[in-house]
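Shown next, in structure tokens, is the structure this report addresses.
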Amino acid sequence: MNNKELIDQLKREKDAVILAHYYVPAEVQALADYVGDSYYLGRLAADLPNKTLVFCGVSFMGESGKLLSPDKTVLMPDREADCPMAHMVTQEAVEEARKAYDDLVVVCYVNSTAQIKSWADVCVTSSNAVKIVKNLPNQHILFIPDQNLARYVAEQVPDKHIIIPDGYCPIHHHMRSEEIRKQKELHPEAEVLAHPECNSQILEMADYIGSTSGIIDYAAGSEKRAFIIATEAGVLYELQQKRPDGEFYFADTLPVCEGMKKITLEKIIQVLRTGENAVEVEENLVKPAGNTLKRMLELAAEKGQS
Ligand code: 13P
Ligand code: SF4
């Protein structure tokens, strides 16, 4: 039996489905039942009828899946697959901001631990952050933990006061604008598509800014053929599926998320076989952290300004 046949058999036995983020290795995306951005994967976790979800991504993704679907078994192929940014907030920073403004709302990027989510009022992902922040009634907003997404949202929603945090994604924040500019010089016809976690020098060069799904959908629907992609290199697999005629260029220092690349077919087989690495969220965090995600799903689904 090959890996795919074995995984299919285990999925049937355990009533399991495989969810994968666009940054995991191509062979995992090829075999997953669902591949998408953080928002799509979160919505699926809440809606899928299966007993077991195998979350191919970093730990905050599995944790969010469990918070949105506490009765399901959520398995992480690698317990060590983590997102450094998901830890970059202190409780003191949140408490200080709450003391400073009576109407403060704490908006938490989904790339955060359950504990950090439990300090917040509502979660967002890169695909719904602008819409949700725009529609909040509050004037003062602490946006944690990503400084680049916070700055991008602040630019899109200039009538609100957004407190910019210190956190950042090492891969997007340290992507070098000179390397993107070099690609632009080599391929002047190419459009620059960037994730809002990128630093502001890169976002200034972008023709389109959006989540991983947004970037892929933009390229799929564009009349152009050449694209400079300012996000993690794993999106190339889906870009090539959707635009087989496309040309995709990345920074010379290829942006690679170590955590996402820890996911392998062998580890998926192992957790499906043994039930190892089932996500558990501390009892006292389940309600407050889960509520921030549920609120996101409600607000993102609302009609209104986007
Ligand atoms: P998306 O929500 O766009 O999938 O991004 C998740 C992420 O980790 C980006 O670095
Ligand atoms: Fe976290 Fe950055 Fe990896 Fe996304 S790419 S999971 S933000 S470290």
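When you restrict to C-alpha pairs under 8 Å that are six or more residues apart and normalise by the size of the chain, the relative contact order lands at 24 percent. Among the GluC sites (Glu not before Pro) found in segment 253-306, those both in a DSSP coil and sparsely packed, with 13 or fewer other Cβ atoms within 10 Å of their Cβ, are Glu276, Glu280, Glu282, Glu302. Average 1/r across all pairs of distinct alpha carbons in segment 1-110, invert it, and you get the Kirkwood radius: 15.5 Å.
Looking at segment 20-100, the trypsin sites (Lys or Arg not before Pro) that sit in a DSSP loop and have at most 13 other Cβ atoms within 10 Å of their own Cβ are Lys51. In terms of overall dimensions, segment 219-306 has a Cα radius of gyration and Dmax of 19.2, 50 angstrom.
Hey, can you rank 199-211, 121-133 by average C-beta count inside 10 Å, highest first?
Values: 199-211: 18.2, 121-133: 23.2.
Order by mean packing, descending: 121-133, 199-211.
Pulled fully out, how much extra length does the chain show between Asp103 and Arg79, if you take 0.36 nm times their separation in residues and subtract their Cα-Cα distance? If you can, show how the numbers build up before the last one.
Working: separation 24, 0.36 × 24 = 8.64 nm, distance 3.78 nm.
The Asp103-Arg79 span can extend by a further 4.9 nm.
For the chain, take N as its residue count and report Rg(C-alpha) divided by 2.2 N^0.38 Å.
On the way: Rg = 19.1 Å, N = 306, 2.2 N^0.38 = 19.4 Å.
Against the compact-globule rule of thumb, the ratio is 0.99.
Would you kindly derive the ³J(HN,Hα) couplings of segment 169-180 from the backbone phi angles with the Karplus curve 6.51 cos²θ - 1.76 cosθ + 1.60 (θ = phi - 60°), listing them in order in whole Hz, with x for Gly and Pro? Each residue of segment 169-180 in turn: 8, x, 6, 7, 5, 9, 4, 8, 4, 4, 6, 6 Hz.
Viscosity 0.692 mPa s, temperature 37 °C: Stokes-Einstein D of segment 160-202 from its Kirkwood Cα radius, in µm² per second? Working shown, then result.
Numbers: Rh = 11.9 Å.
Estimated diffusion coefficient is 275 µm²/s.
For segment 11-56, taking Cα atoms only, Rg and Dmax work out to 10.1, 28 Å respectively.
With only alpha-carbon atoms in the gyration tensor, what are the semi-axes of the equivalent ellipsoid for segment 120-266, in Å, largest first?
Working: eigenvalues 147, 59, 47 Å².
Semi-axes (√(5λ), whole Å): 27, 17, 15.
The GluC sites (Glu not before Pro) of segment 94-203 meeting both criteria, a DSSP state outside H, G, I, E and B (loop) and at most 14 other C-beta atoms within 10 angstrom of the site's C-beta, are Glu189.
Between Asp33 and Gln201, what's the calculated FRET efficiency when r is the beta-carbon distance and R0 is 51 Å? Round to 0.05. Could the numbers behind the result be given before it?
Values: r = 38 Å, r/R0 = 0.75.
The computed FRET efficiency comes out at 0.85.
One way to sum up the overall shape of segment 48-143 is the equivalent ellipsoid from its Cα gyration tensor, whose semi-axes run 28, 15, 11 Å, largest first.
No lab work stands behind these numbers, since they all come straight from the coordinates. These numbers were taken from a predicted model, which means no experiment stands behind them. We place every Cβ from the backbone using ideal geometry, glycine too, and count neighbours over all the protein chains shown.
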